[in-house]
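What follows is a single structure, written as C-alpha cells, with notes after it.
Values quoted throughout were computed directly from the atomic coordinates according to the rules given, and no laboratory measurement underlies them. What you are looking at is a predicted structure, and each value in this text was computed from that prediction instead of being measured. Note: ideal-geometry Cβ built from the backbone for every residue, glycine included; neighbour counts use all protein chains shown.
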Amino acid sequence: MKNIRKAKPVSYTDEPVDDGWSFEGSRILTRKQEHALGIPAPGTPMKLVRKPARPVRINIRMTAETLDGIKARAAEAGMPYQTLASSVLHMVATGRLKLTLAHDD
C-alpha cells in the first residue's frame, strides 16, 4: 500500500472546500453581531468621535463667604457646587460667559 500525501495548499483560499474550509464569502460574525459590536458595514463612511477631555484636579483659594455663595447658588440649581464652579469656569474659558471688570476710582 502506497502512502498518498495530499499537496499542501499554497494559500488559505486554496484549501479544499469539501474538507470544511471555505473562506470565500464566509463570515465569522453575522451582520447583527457586527452591528451589536459597533463594527460598521462595508462601505459605511467612518465618523471621527472626539474623546472627552479628562478632568484635571485644581486647587483654588477663596474666602469662606465666596464658597458659601457658590454652595447656595448650586443648591438653588439642584447641583453639586463643584459642578457649578466648573461650569462657570468652562463658560468663561470658552467665551460663552463674558466678564466685565469694573474699576472703582
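Its Kirkwood hydrodynamic radius, worked out from the mean inverse distance over all distinct Cα pairs, puts the range 43-105 at 15.0 Å. Using the Cβ-Cβ distance between residue 58 and residue 99 with R0 set to 30 Å, the FRET efficiency from 1/(1 + (r/R0)^6) comes to roughly 0.95. Phi-derived couplings, Karplus 6.51 cos²θ - 1.76 cosθ + 1.60 at θ = phi - 60°, listed residue by residue for the range 66-73: 5, 4, 4, x, 5, 5, 5, 5 Hz, with x used for Gly and Pro.
Between residue 75 and residue 39, the contour length at 0.36 nm per residue exceeds the Cα-Cα span by 8.6 nm. The charge dipole of the range 61-105, taken about its Cα centre with unit charges on the Cβ of Lys, Arg, Asp and Glu (plus for the first two, minus for the last two), comes to roughly 280 debye.
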